[in-house]
Amino acid sequence: MIGVVEGVAVIGAIILIGYVCARLGAFGEETANALTRVAFYVATPAILFRILAHADLRIILSDYMLVAAVSAAAAAVLYLVLSLAFFRRGAGETAIGAASVVFLNSNNMGLPVAMFVLDDPQAIAAVLVLQPIAFTPVLMAVLDGTSGRPLSLGRIVTQPLRNPVVAASATGVAISLSGIRLPDVVEVPLDLLADAAIPVVLLAFGVSLRGRRVLEPGSDRLPIVVATVIKAIIMPLVAWVVAGPLLGLDPAIVFATVVIAALPTGQVVYTYAERFGKGVVHARDVVLLTTVVAVPVLFLAAALLHPS
């Protein structure tokens with residue numbers, strides 16, 4: 001279980017540094033905003049491009065991809081149904097809520113878990129492809145539509161090209177399919193920017209915690225709790241049902257898909273929420289709560305499903 005411990009420790013350490021710096025007055029709210037913009041426009045696109053440009057895209061047709069897509073869709077639909085029936089929030093807030101049950105912490109926790117717990121990086125690679133190519137364009141279209149700017153057919157069609165996260169992901173896939181190898185003069189600067197993505201996002205998240213409490217009054221506690229339960233408990237259960245009873249996959253794949261589904265909400269959801277000013281508190285609280293809950297869930301999955 002060293003991968004689980006290491007993944008949580010890395011996340012917690014950088015978040016704590018951001019929080020402590022904010023407490024000491026070194027960082028203010030404007031710092032979190034600036035870090036978020038750096039992550040959204042520069043660092044996150046760079047890391048997604050790097051991952052996808054070097055990915056083996058045959059994983060799109062793998063069992064991992066199928067289970068990840070079905071479990072994510074089930075979680076999103078469940079949240080949307082409950083949100084429309086009981087929460088009655090705006091389109092932007094609802095979109096962030098749905099994203100908080102779909103987007104996994106696939107980079108800074110998923111990668112070490114895949115390597116140390118599953119001994120199979122391809123298990124998380126499926127999610128690394130699925131999230132930016134399938135989920136992010138939908139989320140960006142909804143958030144862009146709630147930004148107050150007039151929409152047109154041309155704007156809707158070209159929206160992915162104008163969003164740095166989606167554009168970088170699509171370009172990375174194109175590079176992978178073409179087999180082109182980028183020259184070092186291009187790849188080295190991109191690698192440097194990509195290496196900054198995870199710490200920048202986590203620092204921004206830590207700074208945002210200054211002076212705030214999880215589930216504080218007026219924070220729409222019910223949607224936050226519901227999203228946490230769906231992401232941390234229901235989504236792994238759906239993954240198990242699909243991979244095990246329904247598809248009858250190999251026990252090692254069943255274990256891997258459940259572990260991946262149990263990963264906490266990715267900090268990128270907070271980045272998107274902060275960038276568009278929608279559901280910021282919801283994203284922050286769900287990221288934190290699912291990170292805490294994911295630890296015992298991952299240990300439980302390992303105890304029950306790890307192939308002997």
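Readers should treat all values here as calculations from the given coordinates under stated rules, not as data from a laboratory. A quick note: this is a predicted structure, and the numbers were derived from the prediction, not measured. All Cβ positions, glycine included, derive from the backbone under ideal geometry; neighbour counts span all protein chains shown.
Some observations on this one:
- Convex hull (Cα only) mean projected area of segment 189-289, reported in nm² to one decimal: 8.5 nm²
- Based on every Cα atom in segment 1-86, Rg and the maximum pairwise Cα distance Dmax equal 18.6, 49 Å.
- Neighbours of A252 by Cβ distance under 11 Å: Lys/Arg scored +1, Asp/Glu scored -1, total -4.
- One decimal place: the segment D56-L182 gains 43.7 nm when fully extended, by the rule 0.36 nm per residue minus the C-alpha distance.
- Normalised size of the chain, defined as Cα radius of gyration per 2.2 N^0.38 Å with N residues, equals 0.95.
- Compared with the alpha-carbon gap, the fully stretched path from R37 to H306 is longer by 92.8 nm at 0.36 nm per residue.
- For V242, net neighbour charge (Lys/Arg +1, Asp/Glu -1) across residues whose Cβ lies under 15 Å away: -2
- Net charge of Cβ neighbours under 14 Å - reference D63; Lys, Arg +1; Asp, Glu -1: -1
- Residue-averaged [θ]222 nm for the chain, counting only DSSP H segments that reach four residues, each worth -39500 (n - 2.57): -22000 deg cm²/dmol
- Fully extended contour minus Cα-Cα distance, from L84 to L222, at 0.36 nm per residue: 48.4 nm
- At least 24 Å along the helix axis (C-alpha) and Kyte average at least -0.5, DSSP helices within the chain: 2-23, 63-82, 184-208, 280-305
- Distance (nanometres) between label positions extended 7 Å along Cα→Cβ at V214 and I233: 1.5 nm
- Modelled spin-label separation between A167 and V10, with each label point placed 7 Å from Cα along the Cα-to-Cβ direction: 2.9 nm.
- Placing +1 on the Cβ of every Lys and Arg and -1 on the Cβ of every Asp and Glu, with nothing else charged, gives the chain a dipole about its Cα centre of roughly 920 debye.
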